[in-house]
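First up is the structure itself, then whatever we jot down about it.
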Amino acid sequence: MEATTEDGNARELGDTTLALQIGVGTTPEGHSGHGGWLGDLAAVDRLGSRYKQTECLPDLEAAITLWEAGLESAPEDHPDRVIWLHKLGLHFRRGYKRTGNLHDLEVAIARLTAASEATTENHPDRARHLSNLGKYLYSRYERTGNLQDLEAAIIRLEAAVQAAPEGHSYRASLVSDLGACFRIRYERTGNLSDLEVAIVRTEAALEATAEGHPDRTTLLNSVGVCLSRRYERTGNLHDLEAAIAWAKAALGPMPEDVIGDANSSTAGRLTESILSLE
């Protein structure tokens with residue numbers, strides 16, 4: 001029964017995609033109905049969803065083609081244009097992750113930049129658009145090593161944090177990402193103020209994350225990494241002791257003999273076992 005349902009869904013999706021492609025190709029530009037097919041974009045969304053499940057590249061390519069056609073045909077002042085730009089950026093980013101083609105990442109950044117620039121200050125998705133743009137810029141920094149991309153990522157993530165309301169479910173994650181970028185810039189440039197900001201931001205993210213949340217262990221680890229880096233730089237024993245304490249908290253309850261071994265280990269051995277944020 002499940003296989004029949006999946007096959008039926010695939011056929012339905014394929015038929016809808018073909019119909020949309022025909023509609024795009026046969027409706028003249030400037031026609032009042034050109035772009036009206038965008039009302040059926042739930043089907044295009046299903047293409048993207050199916051790609052995430054199957055990683056069938058033609059599904060992703062078809063979704064990209066249809067989103068681009070929709071953007072080309074829709075008026076500049078269309079109320080959903082920002083959403084479409086954002087979705088198109090997400091699809092190009094998925095293509096980059098699949099193929100490693102840097103061009104896809106470049107296009108994703110361009111689309112997300114356009115989406116964020118067109119997003120008003122009070123738009124409910126402003127924080128998400130800025131956050132994704134920051135992450136994409138960081139991805140390009142990872143690939144190219146261009147420090148300007150890391151600088152730009154920090155600017156976008158700072159703006160995303162400012163746009164996210166206090167107490168929002170994803171705000172702690174944004175603050176954590178921002179702290180991670182400051183730590184990475186510290187490791188690149190050696191500017192101690194970046195490390196100080198990284199510690200403040202990561203501790204703030206930890207404080208806003210409830211006990212038992214799956215991200216909490218990662219945040220505990222990250223605070224430990226930052227404090228260990230500051231100990232290595234300044235020699236302040238308090239930072240070493242705090243790093244050990246955070247590492248223990250991340251690991252959870254341990255037998256006494258294990259705790260004794262941890263206490264006697266060097267900062268390097270302990271902190272290098274800690275997970276670091278990206």
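The numbers here are math on the coordinates, done by the rules we state, and not lab data. What you are looking at is a predicted structure, and each value in this text was computed from that prediction instead of being measured. Virtual Cβ from ideal backbone geometry, glycine too; neighbours counted across all protein chains shown.
A few remarks follow.
- Simple spin-label estimate for SER49 and ALA110 in nanometres, 7 Å along Cα-Cβ: 3.0 nm
- From the alpha carbon centroid of the stretch 174-253 to that of the stretch 146-161 is 19 Å.
- In this structure, SER193 and THR144 have a Cβ-Cβ separation that, at R0 = 22 Å, corresponds to a calculated FRET efficiency of about 0.35.
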